Amino acid sequence: MTQAEQSVTTLNGIGAKKAEALARLGLNTLGDLARWYPRAYEDRRKIWPIRQAPEGENVCICAIVAQPPRTSYVRKGLSVTHVTVFDDSSSLALTFFNQPYLSKQLLVGQSYVFYGTLELNGTRRGMVNPVFEQEGSHASTGRIVPVYPLTAGISSRQLAGWIAQALEAMSDTIPDDLPPELRLAHQLPARDWAIRTVHAPASFEELELARRRLVFEELFYLTAGLAQLHQRRQAGGGCLCKGLPTDDFTHLLPYTLTHAQQAALATIFADLSSGKPMNRLLQGDVGSGKTVVAAGAVWLAARSGWQSALMAPTEILAEQHYQTLSALFEGTGIRVGLLTGSMKARKKRDIRERLELGMLDLVVGTHALLSTGVEFARLGLVITDEQHRFGVTQRSALSAKGMRPHVLVMSATPIPRTLALIIYGDLDISIMNERPPGRQEVDTFLIGEDKRERMQGFIRRQVQEGHQAYIVCPAVEESEMEGAAELKNVTAYAKQLQTEVFPDLRIGLVHGKLNAKAKEAAMAAFSAGETDILVATTVIEVGVDVPNATLMVIENADRFGLSQLHQLRGRVGRGRAKSYCVLLSASRSTETRQRLKALCATNDGFKIAEKDLELRGPGDFFGSRQHGLPQLQVADLAGDTRVLAEAKEAAETLLADDPELEKPENQPVLKHIRTLFEENPDIFN
């Protein structure tokens, strides 16, 4: 066992309880601690005179304790300790809550450095709960201090101390897997130096150099692994389809495809008839017409004797795809089936038998398609809709039911190309950025609580004109979400609207905790026009198509990402009537309001996605990670695009020379990639 593989419990101060808390962060070994990089840095090098220190900013002040600390007990469980300190320029009033022991630590006449936010109350300067240490010790001040992601039971000072211990224990044992020629060509410092420097930088210039090295290697290994995955999926034969022209399919349609649809369809037909397995992402904004392009792929596969499977994330969406595709293929001889978890056992058994006997050309379903007992006679095409809700592992599990079938991934979540390189780096990408004729631009407005009554009047007018409205509330687990008491509870809010606000209107309710049958019933009633207003959580974000719905109201809009808000907005504007989206937010934050106004300014999902990435970073882009692909620890895709391009080019150059990384000098790279992609089921099979 190497030092990096040793348990964190070998360090001073880490017993069973602290080890359990560290495990929640994924920190189990000394190597994990070494790679737990800071999320930010505080510059605590400058010492300010009290009188000149800027108000409202975090500053370091060196001062002498003027008199013994005084502690008073306000009530049970709350004590306040007051201390006055001074320097040559002025005095400073310090306040500490629940720290009565400070009377023994802050000694009269001694000089300390205090770090905290300077507050000005009239002419009196003060700090609340500052960090402090004796002058000259430089443990918490006098240097650039890293700020780490934490968990309950672990303080920043404790974690920094354990990371320092881990690095000391690992002296001279941090390997450098990048080939020396590559390091030299890209002017990258040694990995050992870079890791130690990001935890304790002497300057921001050093920090930038160290960080660039770690970002480069992270993106290098990731893009190299994805390139290998792409190569392996391209190698060998796929399910060969006939080389038919796209016109043979499009003349079956009652409308003309957009140029973007035609281009995507031509590319997919070429993929299917190439003799190699297709692995393609079909990415288009809300309402760009991806389903009909996917239908073209199904049609060509069926004409060539292959079965297709389309997997959707919800039963509502699966049912909708089934209805749409059944109608589209009527009279073509293509046989379509539906398989979902809530279907009766007898129906499921019938679908499974017909699939296995080759009596179905297309099966549409949910995760039920992955279950044991679902077998295909000749599976040639796998389509997943809203791919980010599945992940690589589930996509591969469905593909494993065939012999190297073609894979088409559909996503209505516009993704900046930089992020798509990471999330879908193993796929070729087709982008559809053109709306079919007749799709509406949705007018979007941001309002505060003071406009609620006017908004309710607007809802009523829309219903009186014969239209329908959605009201979306955040999905809240009260125990987990900060400020949950202030958020709209979907069940209670629906009841309040029905009894107090719209007693004469028909109000429906749908959320994720309802069983499948209840969800289906609520959606079916809304689709059929039997309810006027549907109060919902984000369960309606994907795939609900109700052309008569003209208004989307989103409560607590500040709690959603821009891309998710755009998805919700896409549920309206599907008919001929003018449609609207109203964002309700009580937030006074300038940053939050600017973010929401960005949505009001455009209906272009790709521009919104770029803004979302810029504001929130890739970690929260979908709210949950892509299972099967590694998470980024250091790289910031919004700011590191230049390094990403450089790392990707370096990976492609290395793989062009040694595709399987068989050369001795490239073995460490191969080992690193294997570790990085250990969750992916098919990269090294």
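The values are calculated or read from the model by the stated rules, or taken from the named source; none is laboratory data. Note that the coordinates shown come from a computational prediction; the quantities given were computed from them, not determined experimentally. Note that each Cβ is placed from the backbone with ideal geometry, even for glycine, and that neighbours are counted across all protein chains shown. Just the protein is used for accessible areas: all its heavy atoms, side chains included, with ligands, DNA and RNA removed. Shrake-Rupley method; radii C 1.70, N 1.55, O 1.52, S 1.80 Å.
To keep it simple, each residue is scored yes or no on (1) part of a loop (DSSP other than H, G, I, E, B); (2) closer than 30 Å to Val8 by Cβ.
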| site | (1), (2) |
| --- | --- |
| Leu33 | no, yes |
| Tyr37 | yes, yes |
| Tyr41 | no, yes |
| Arg51 | no, no |
| Gly56 | yes, no |
| Ile61 | no, no |
| Gln67 | yes, no |
| Tyr73 | no, no |
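Looking at (1) closer than 30 Å to Leu207 by Cβ; (2) in a strand (DSSP E or B); (3) open to solvent by 30 Å² or more (accessible area, probe 1.4 Å), which is the only condition Ala139 fails? Of the numbered conditions (1) closer than 30 Å to Leu207 by Cβ; (2) in a strand (DSSP E or B); (3) open to solvent by 30 Å² or more (accessible area, probe 1.4 Å), the odd one out for Ala139 is (2).
From the list Arg452, Arg461, which residue is at pLDDT 95 or above and either crowded, with 21+ Cβ neighbours inside 10 Å or not small (Gly, Ala, Ser) (or both)?
On the way: Arg452 fails: at pLDDT 95 or above.
Result of the check over Arg452, Arg461: Arg461.
Touching a residue at least 40 places away in the same chain (Cβ under 8 Å) and either open to solvent by 50 Å² or more (accessible area, probe 1.4 Å) or in contact with a helix residue (DSSP H, G or I) (Cβ under 7 Å, 6 or more places away or on another chain) (or both), is that true of Asn98?
When the stated conditions are applied, Asn98 does not pass them.
Scanning region 202-229 for residues that are of a type outside the set (A, V, I, L, M) and open to solvent by 10 Å² or more (accessible area, probe 1.4 Å) returns Ser203, Phe204, Glu205, Glu206, Glu208, Arg211, Arg212, Glu217, Glu218, Thr223.
The number of residues in region 159-190 that are assigned to a helix (DSSP H, G or I) and out of contact with any Lys or Arg (no Cβ under 7 Å at 6 or more places or on another chain) comes to 16. Take His321 and decide whether it is modelled with pLDDT under 95 and open to solvent by 60 Å² or more (accessible area, probe 1.4 Å). Judged against the criteria, His321 is not a match. Scanning region 31-51 for residues that are open to solvent by less than 30 Å² (accessible area, probe 1.4 Å) and over 28 Å from the mean Cα position of the chain (by Cα) returns Arg44, Ile50. In this structure, Ala164 does not satisfy being farther than 26 Å from Asn666 by Cβ, among the hydrophobic types (A, V, I, L, M, F, W, C) and touching a strand residue (DSSP E or B) at 6+ places or on another chain (Cβ under 7 Å).
For region 581-604, state whether one or more residues are assigned to a strand (DSSP E or B) and within 26 Å of Ile431 (Cα to Cα). So far as region 581-604 goes, yes, one or more of its residues are assigned to a strand (DSSP E or B) and within 26 Å of Ile431 (Cα to Cα). Within region 1-14, the residues that satisfy the criterion of being open to solvent by 40 Å² or more (accessible area, probe 1.4 Å), assigned to a loop (DSSP other than H, G, I, E, B) and either among the small types (Gly, Ala, Ser) or in contact (Cβ under 8 Å) with a residue 60 or more places away in the chain (or both) are Thr2, Gln6, Asn12, Gly13. Take the conditions (1) closer than 27 Å to Gln323 by Cβ; (2) modelled with pLDDT of 85 or more; Asp504 misses just one of them, which is (1). Every test in (1) assigned to a strand (DSSP E or B); (2) crowded, with 16+ Cβ neighbours inside 10 Å is passed by Ala93 save one, and that test is (2). Residue-level check: of (1) modelled with pLDDT of 90 or more; (2) open to solvent by less than 40 Å² (accessible area, probe 1.4 Å); (3) more than 25 Å from Arg571 (Cβ to Cβ), Met343 misses just (1). Which one is modelled with the highest pLDDT, of the residues in region 646-674 that are β-branched (Val, Ile, Thr) and open to solvent by less than 80 Å² (accessible area, probe 1.4 Å)? Selected residue: Val669.
Residues of region 528-541 that are outside any loop (DSSP other than H, G, I, E, B) and either under 19 Å from Ala312 (Cα atoms) or under 29 Å from the mean Cα position of the chain (by Cα) (or both): Leu534, Val535, Ala536, Thr538, Val539, Ile540.
Please enumerate the residues belonging to region 287-314 that are closer than 29 Å to Val442 by Cβ and either more than 23 Å from the chain's Cα centre (by Cα) or open to solvent by less than 10 Å² (accessible area, probe 1.4 Å) (or both). Explain how you work it out, then say what you get.
Start the filter on region 287-314 by keeping residues that are closer than 29 Å to Val442 by Cβ, which leaves 287-296, 310-314.
Of everything in region 287-314, those that are closer than 29 Å to Val442 by Cβ and either more than 23 Å from the chain's Cα centre (by Cα) or open to solvent by less than 10 Å² (accessible area, probe 1.4 Å) (or both) turn out to be Ser288, Gly289, Thr291, Val292, Val293, Ala294, Ala295, Gly296, Leu310, Met311, Ala312.
Scanning region 52-86 for residues that are touching a residue at least 60 places away in the same chain (Cβ under 8 Å) and exposed (fewer than 13 other Cβ atoms within 10 Å of the Cβ) yields Pro54, Glu55, Gly56, Glu57. If you go through region 116-136 and keep only what is open to solvent by 20 Å² or more (accessible area, probe 1.4 Å) and in contact (Cβ under 8 Å) with a residue 24 or more places away in the chain, you end up with Thr117, Glu119, Leu120, Arg124, Arg125, Val128, Asn129, Phe132, Gln134, Glu135.
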